[in-house]
Amino acid sequence: MRVSLFVTCLADQIWPSAAVGAVQVLRRVGCSVEFDERQTCCGQPAFNTGYRREARALARRFIEIFEASDAEAIVSPSGSCTAMVHHYEQLFEDAGWRERARALAGRTHELSAFLVNQVGVEDVGATFAGRLTWHDACHGLRDLGIKSEPRRLLRRVRGVELVELPNAESCCGFGGTFSVKHPEVSVAMLDEKIDAIERAGVDAVVSGDASCLMQIGGRLSRRGSAVRALHLADVLAFTA
Amino acid sequence: MSFDRGVRAALSDVQLRGALRQATTLFGDRRQTALASVRDWEGARERARAIKDDTLLHLDHYLEQFTANAERAGARVHWARDAEEACEIIGRIAAERGARTVVKSKSMASEEIHLNAALARRGIEPIETDLGEYIIQLAGETPSHIVVPAIHKTRAQIAALFTEKLGIAPSDDAAALTAAARQALRRRFAEAEVGISGVNFAVAETGTILILENEGNARLTTSLPQTHIALMGIEKVIPRFADLEVFLQLLPRSGTGQVLTAYQSLLTGTKRRPEDEGPDELHIVLLDNGRSRMLAAPVTRQSLACIRCGACLNACPVYRQIGGHAYGAVYPGPIGAILTPQLIGIERAAHLPYASSLCGACRDVCPVKIDIPAVLLHLRAQVIEQRAGKGRWLERFLFRAYAAVMMRPWAYEWAMRGARALRIMPPLRAWTKWRDLRPLAPRSFREEWRTGLRGKGE
């Protein structure tokens with residue numbers, strides 16, 4: 001299958017290992033990967049803060065760029081940015097743009113959902129020694145319905161012991177600009193998550209969004225914890 | 001109190017946070033258990049929402065039908081455009097009956113119109129008879145939850161309050177505290193000339209109102225005094241009596257995790273014969289107070305589908321940390337964050353749509369499937385478009401700059417390269433005070449792609 005990578009600006013600049021890992025895993029399961037260097041940001045920060053004009057301009061740009069590709073799927077190492085593309089339609093009143101947005105959303109997938117539901121693989125041939133737990137990032141979980149896919153992938157990684165957090169589905173408190181508009185609330189939410197992670201006695205917490213991982217990882221290291229924050233693609237990319 | 005100050009006060013209150021964690025977890029768990037007894041929960045949600053959507057599309061028709069049928073059964077129906085009119089109507093009725101005290105059962109609509117203060121100005125003493133509301137009234141506070149008004153109080157705090165205000169011997173036995181409240185309230189029921197209640201549902205085809213409760217106080221409020229005044233938002237009307245079936249499955253389970261509340265009072269008009277029980281007069285006040293404005297567009301209209309169960313508060317991770325008072329609004333939590341700006345005007349509540357991480361837990365638990373995050377986003381766009389609330393010149397500038405850069409891949413690439421070369425970190429003290437900020441990676445993905453990754457696949 002031919003895949004066009006939607007890298008997301010956050011993975012591009014701050015968590016490139018997730019994007020490199022995604023490319024490696026996609027190739028390993030038999031996909032060919034292309035990357036259009038014109039892509040920048042999907043516009044989610046503007047959309048979520050209320051700046052619809054800016055978000056609309058970026059959405060149009062995104063649609064034009066990815067429409068140009070004849071890849072069968074657009075795949076992203078982020079549930080949140082994938083969900084944003086799925087929201088594009090509501091930014092437009094014009095029927096033509098709405099249709100284009102809907103069509104593009106139809107072939108835009110989050111990495112774990114793409115691997116399990118489109119490619120049909122669970123064992124991607126990875127090896128990773130460690131006790132891990134999964135944090136459900138909100139938009140992947142609730143906007144896209146991704147729950148079992150990352151767990152199925154992680155369980156098939158040789159050497160991984162996967163444990164569940166009692167509050168795996170609770171928000172980590174990131175919420176985009178929420179994390180800096182209301183930092184005390186954001187961190188109070190985060191600390192409940194971190195407490196559970198530490199009680200679970202894991203080597204690393206894994207998630208599908210670099211944004212949550214920045215939030216969780218930033219607090220783990222501030223608290224002097226030995227637990228690491230890893231992207232799903234970081235883990236899946238490891239081979240023996 | 002500003003939202004930020006409210007948040008800080010809440011977060012530094014250890015007792016409050018303990019009470020909140022315990023209560024929201026308990027209600028969340030109970031709800032989960034209660035759902036299991038409904039065969040098709042999703043189907044019930046869909047049906048309830050469809051009924052609400054249909055009602056809201058033809059609200060004028062159903063309100064007129066309800067009014068005609070309620071009046072035929074002996075009730076008087078009053079239409080109140082806003083809070084002031086509603087207070088005036090209720091205050092006048094109570095005053096004309098020579099009321100010195102009125103007993104009240106739980107009603108968030110009465111909180112919304114600040115009825116107690118309006119009655120007090122007329123020299124009429126309002127007595128809250130719901131235990132939680134009674135606690136709040138004794139403490140001189142406001143409800144911090146729409147279903148569990150005293151959720152923020154621990155048992156020890158309530159014991160201390162009762163000792164001080166009711167003069168009982170110190171005890172933190174729940175049964176003893178409840179008995180003390182009951183004893184104090186019985187006397188007030190007997191002397192009140194007027195009873196004021198809220199309404200959970202109003203059935204258009206029969207003119208019936210339904211009140212759900214667990215303590216029996218609403219039944220006393222609506223039957224002992226000679227005059228009963230029921231206050232309801234105009235969105236409480238439903239078309240048919242049979243529609244109650246689905247709403248009664250959803251509301252108690254979502255609210256308190258009960259299969260059914262202990263009491264359900266169905267009231268249709270006044271007593272038929274003099275020897276019947278019940279009040280001589282029933283007045284029903286239909287409150288608009290900003291609601292009809294929400295009918296205009298589907299995205300805002302869905303706010304009126306709310307049946308006030310409070311499940312979104314219990315599920316909200318923000319509410320769980322800060323409780324209801326920090327929001328600084330009558331309706332707190334996720335539903336309050338969408339209702340308040342629409343009821344009182346976005347200018348006066350521009351901070352509320354931002355009091356959420358947009359996690360969507362509220363949407364998952366909502367029994368009538370209100371897409372609260374979508375309404376929050378809609379209201380955020382309104383805040384920016386109408387320049388409501390505080391000045392956001394820096395934020396506006398930053399988002400313009402961000403868009404200008406992101407529209408041009410070369411600008412994006414060079415901006416990031418520059419930041420990397422000069423090791424520029426954004427001055428985000430709001431982030432770095434509590435969290436380490438992950439630095440830019442030494443090389444971006446696109447650089448990795450160009451220098452080898454691209455070719456490896458071929």
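Side notes on the structure shown:
- Segment B:Arg387..B:Glu125, full-extension length gain: 90.1 nm, with 0.36 nm per residue of separation and the alpha-carbon distance subtracted.
- Nearest-0.05 FRET efficiency for A:Ala226 and B:Glu64, computed from C-beta distance (R0 45 Å): 0.10
- Neighbourhood charge, 12 Å Cβ-Cβ cut-off, centred on B:Glu128 and excluding it, Lys, Arg +1 and Asp, Glu -1: -3
- Shielding of peptide B:405-417 by partners, expressed as the average count of other chain Cβ atoms within 10 Å per residue Cβ, is 4.
- The residue list A:Val33, B:Val299, B:Leu260 was ranked by how far each Cα lies along the charge dipole of the protein assembly as shown toward its positive end, using unit charges on Cβ atoms, and A:Val33 comes out on top.
- Test item: Cα-centred dipole of chain A, Lys/Arg +1 and Asp/Glu -1 on Cβ, debye: 180 debye
- Average Cα contact separation per residue, chain A, under 8 Å, 6 or more apart, as relative contact order %: 21 percent
- DSSP bridge analysis restricted to the protein assembly as shown gives an antiparallel fraction near 15%, rounded to the nearest 5.
- Set of aspartates and glutamates near A:Lys147 by C-alpha distance (under 13 Å), chain-local residues within fewer than 8 positions excluded: A:Glu110, A:Asp136, A:Glu164, A:Glu169
- As a proxy for reagent exposure, ranking A:Phe114, B:Phe241 by other Cβ atoms within 10 Å from fewest up yields B:Phe241, A:Phe114.
- Rg followed by Dmax, in Å, when chain B is reduced to its Cα trace: 25.7, 93
- Given charges at beta-carbon only (K, R positive; D, E negative), |dipole| of the protein assembly as shown in Debye: 1780 debye
- Placing unit charges on each Cβ (+1 for Lys and Arg, -1 for Asp and Glu) gives the protein assembly as shown a dipole about its Cα centre, and among A:Val23, A:Ala57, B:Leu26 the Cα reaching farthest toward its positive end belongs to A:Val23.
- Debye intensity ratio in log₁₀ form over the Cα atoms of chain A, taken at each q of 0.07, 0.09, 0.11 Å⁻¹: -0.22, -0.36, -0.54
- Residue-averaged [θ]222 nm for chain A, counting only DSSP H segments that reach four residues, each worth -39500 (n - 2.57): -13500 deg cm²/dmol
- Per residue convex hull volume, Cα atoms of region B:344-388, in Å³: 69 Å³
- Which listed pairs, of B:Lys52/B:Lys369; B:Lys104/B:Lys271; B:Lys52/B:Lys236; B:Lys104/B:Lys153, have C-alpha distances above 18 Å, in listed order: B:Lys104/B:Lys271; B:Lys104/B:Lys153
- Trypsin sites (Lys or Arg not before Pro) within region B:19-62: DSSP coil, no more than 10 neighbouring Cβ in 10 Å: B:Arg39
- Anisotropy class of region B:406-456 from Cα gyration tensor, a/c 1.5 cut: prolate
- Peptide A:11-18 has a mean shielding of 6, counted as Cβ atoms of other protein chains within 10 Å of each residue's Cβ.
- All other residues whose Cβ lies under 13 angstrom from that of A:Arg199 are scored, Lys and Arg at +1 and Asp and Glu at -1, for a net of -3.
- Peptides B:377-388, B:210-221 ranked from most to least packed by the mean count of surrounding Cβ atoms within 10 Å: B:210-221, B:377-388.
- Dipole size of region B:336-396 about its Cα centre, with +1 on Lys/Arg Cβ and -1 on Asp/Glu Cβ: approximately 160 debye, rounded to the nearest 20.
- Bridge type composition, chain B - antiparallel percent by DSSP, nearest 5: 25 percent
- Other residues lying with their Cβ under 13 Å from the Cβ of B:Gly255 contribute a combined charge of +4, Lys and Arg counting +1, Asp and Glu -1.
- Relative contact order of region A:2-116: 30 percent, from C-alpha pairs under 8 Å at least 6 residues apart in sequence.
- Length-normalised contact order of chain B in % [C-alpha pairs under 8 Å, at least 6 apart]: 20 percent
- Counting DSSP beta bridges with both ends in region B:51-292, the antiparallel % (nearest 5): 25 percent
Bear in mind that the values in this text are calculations on the coordinates, not laboratory data. Nothing here was measured: the structure is a model prediction, and the numbers come from that model. Glycine gets a Cβ as well: all are built from the backbone with ideal geometry, and neighbour counts include every protein chain shown.
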